[in-house]
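Every number here is computed from the coordinates shown, using simple stated rules; none is lab data. On a predicted model such as this, the values are computed, not experimentally measured, just so you know. Neighbour counts are summed over all protein chains in view; Cβ atoms, including those assigned to glycine, are modelled from backbone coordinates with ideal geometry.
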Amino acid sequence: MENKGKYYITTAIAYTSGKPHIGNNYEIVLADSIARFKRKEGYDVFFQTGTDEHGQKIELKAQEAGVTPKEFVDKVAGIIQGMCDLLNTSYDKFIRTTDQNHERQVQKIFKRLYDQGDIYKGAYEGMYCTPCESFWTESQLVDGKCPDCGREVKPAKEEAYFFRMSKYADKLIKHINEHPEFIQPVSRKNEMMNNFLLPGLQDLCVSRTSFKWGVPVDFDPGHVVYVWLDALTNYITGIGYDAEGDSSEQYKKLWPADLHLIGKDIIRFHTIYWPIFLMALDEPLPKQVFGHPWLLMNSGKMSKSKGNVIYVDALADFFGVDAVRYYVLHEMPFENDGNATWELIAERTNSDLANTLGNLVNRTISMSNKYFGGVVADKGAEDAAFDQDLKAVAIGAYERVAEKMADLRVADALTEIFAIFKRCNKYIDETEPWVLAKDEAKSDRLSTVLYNLVEGIMIGASLLQPFMPETSEKIAAQLNTKLREFDKLKEFGLYESGNKVTDKPEILFARLDMKEVAAKDQEMAEAMEAAKAAQPADKNGNQTGTPGTAQGQQDKGSDGQGGAGNPEAAQPIDIEPKPEITYDDFAKLQFQVGEIIACEAVPKSKKLLCSQVRVGSQVKQIVSGIKAHYTPEEMVGKKVMVLVNLKPAKLAGVLSEGMLLCAEDAEGNLALVKPEKDMPAGAEIA
């Protein structure tokens, strides 16, 4: 890929007041997908994230925890960075506002702005919200409470330094009007203009004297730099900015930032305060600020005080990291809030990841092994009716995905990628490889069909890499090849003809039992309530917590998998006994473990599924009357118990070469009988 130049992307830095929930973690995954995509496009990407570690709120929490503020933030910053790593994010720098270099530059910036008259000393009197660390006038309150968080405010007065915001307001309005791409989405731009800039800006308080945990104003002891002047400058101090004019080569290369990715709740600080600070420093403004929506839980904003939060470590342990990444990226609309629950994540995992993607890869590899010993070869036996459309969808996907990503429509980009996998699944239904396999004269056509499937999967997997990096690598490994660069995705046929796929395909995403998901959800909710009740109360009687407590953490179950058993144990039932048999009668029956490698509905039958079952080195075709209880997609990948030596018979005109063992309850519900432990296909059941 040609070098397209630098691309500097940042997230907002996470506030170190406690362990972040999945709504907070969404931003780092979103930024990572953009950063990875830009790298694949040929950009020299620098991706920065980090933690915001000063302020009165942290000072109070540290006192409650009986530790110093530095000890407190060290622990929380470690948790936050650990979650970034857990989510497999590819940040280049993790900045902390307690970093010595950052603190020194904040002092230099403050002094410079004071010396040039942008900052002046005065006194502040108003209603103060401690959690938001914000002063408000009476007219700005909503029902007498903080307009940002809705909490109680208290009257406060203190000596402070102020920034002359109005001095730069007109210049900022002009910049926004001349650069329509600066604030995205457009609704955020309209909100900033109409609610804040056009009515007129008040001067901003930029120092405090009522607490000590902050960057000291070095020329006026007793004052510490107020949070926003401290926190926002991380975007330049982290890459080598120097307020005295000795900035690093890295800074000169990277600034201005190409994208500040932030939550919509802090858009005002990033599109009004931050640009004005930069104007005062005579530095260029960032090219774009994107205020993404929130990830809600049950359509309500996640809040630790409400107890309605989901933590990413629990989700990753249960669903897997890439499943979590996929969900938060796919389910967040461009402008409106998304929603997350354990049930919704499980449903999306089953439908998109297990069925559409995982089943496709497994079926394709299994058929390649069954029919050609794993060798994938393009025999040139094309069928224009089906092949051309598959190829068009595959080779046209990159441009469609790139167009969506250029507009930061990440969810739409993922939809375009999965359109490839859905088209491949449709291609299987159209070409019917199992029918082609019955006619030796159509061997070349069958080989070409499987080659086209592998090629389509590889194009999709290569595009998927920025969003689900581990899964993409697994797919490439199973197909015995490497993921492609983006400039190689406009050609169809680059998979090496004659290459051999793995003979042991791995299930990428197992289909989840919704009862187990519900049990896990309940387990986590109960653990959170117990942890909340166990926390000491603060002086106001509110429950408090320290970072890394049991709140949101999960314990491994007795099975070592972090899961709970089914809380609704089935009641025992009795059935009509059959006549006794001898051991010799039983010995005539041959039971073995089988692995279902493909499954489809039997045409014109409401009850039957036709499964291709691997038993040892053989593959048997078995027809079962379980269509009401399992979909074909659910069947693929299961290890089952098979009666192997049952005399073949035709059911609805389809040959069946064995029987799958099932259990049946009093209501007629069926469940496949499966080995308790993972046993190889062909293992004898005795």
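Converting phi to 3J(HN,Hα) with the Karplus coefficients 6.51, -1.76 and 1.60 and the offset θ = phi - 60°, the stretch 364-373 yields 5, 5, 5, 5, 4, 5, 5, 8, 9, x Hz in sequence order, with x at every glycine or proline.
Could you give the angle, 0 to 90 degrees to the nearest 10, between helix 56-65's Cα long axis and the longest principal axis of the Cα atoms of the chain? Between the helix axis and the principal axis of the chain, the angle is about 60 degrees. When you restrict to C-alpha pairs under 8 Å that are six or more residues apart and normalise by the size of the stretch 583-685, the relative contact order lands at 32 percent. The value of relative contact order for the chain, using C-alpha pairs under 8 Å at least six residues apart, is 11 percent. Given in Å, the Rg to one decimal and the Dmax to the nearest whole number for the Cα atoms of the stretch 175-254 are 16.8, 43.
Given the C-alpha centroids of the stretch 460-486 and the stretch 35-53, what is the distance between them in whole angstrom? After rounding, the separation between the Cα centres reads 20 Å.
What the phi angles of the stretch 88-105 give under the Karplus curve with 6.51, -1.76 and 1.60, with θ = phi - 60°, is a coupling list of 6, 8, 9, 5, 8, 9, 10, 8, 10, 6, 8, 4, 4, 5, 4, 4, 5, 5 Hz, glycine and proline written as x. Taking only the alpha carbons of the stretch 583-685, we obtain Rg and Dmax values of 13.2, 40 Å in that order.
Could you list log10 I(q)/I(0) for the stretch 13-94 at q = 0.11, 0.27 Å⁻¹, which the Debye formula gives when each Cα is one point scatterer? Result of the Debye calculation: -0.34, -1.25. The spacing between the stretch 351-425 and the stretch 157-220, judged by their C-alpha centroids, is 48 Å. In this structure, the amide hydrogen of Asn499, modeled 1.01 Å from its nitrogen in the peptide plane, lies closer than 5 angstrom to those of Val376, counting only residues at least 5 positions away or on a different chain. Take the Kirkwood radius over Cα pairs of the stretch 13-57, plug it into Stokes-Einstein at 20 °C and 1.002 mPa s, and you get 176 µm²/s for translational diffusion. Charge tally around Val45: other residues with Cβ under 13 Å, Lys/Arg +1 each, Asp/Glu -1 each, net +3. For the stretch 606-686, the number of Lys pairs separated by eight or more positions or lying on different chains, with C-alpha atoms closer than 13 Å, is 7. Only lysines eight or more places from Lys490 in sequence, or on another chain, were considered; those with a Cα closer than 26 Å are Lys4, Lys6, Lys38, Lys40, Lys379, Lys391, Lys404, Lys422, Lys426, Lys474, Lys482, Lys500. Please tell me which of these pairs span more than 19 angstrom C-alpha to C-alpha: Lys61/Lys111; Lys108/Lys157; Lys264/Lys287? Over 19 Å Cα-Cα: Lys61/Lys111; Lys108/Lys157.
Quick note on the stretch 342-500: its Rg to Rh ratio, both from C-alpha atoms and Rh being the Kirkwood radius, is 0.97. Compute the angle between helix 514-534 and the longest alpha-carbon principal axis of the chain, please, reported from 0 to 90 degrees and rounded to the nearest 10. Here the helix axis deviates by roughly 30 degrees.
Proximity of backbone amide H atoms, modeled 1.01 Å from N, is registered between Asp337 and Trp294 at under 5 Å, excluding neighbours fewer than 5 places apart on the same chain. Taking amide H atoms as placed 1.01 Å from N in the peptide plane, the amide H of Ile685 lies under 5 Å from those of Phe591, Gln592, Val593, each 5 or more residues away in sequence or on another chain.
To the nearest ten degrees, helix 469-478 and the longest principal axis of the Cα atoms of the chain are 30 degrees apart. Remark: C-alpha extents of the chain on the principal axes read 97, 58, 38 Å, sorted largest to smallest. Take Ser210, project a point 7 Å from its Cα along the Cβ direction, then tell me which residues of the stretch 102-141 have their backbone nitrogen under 13 Å from it. Within reach of a label on Ser210: 124-137.
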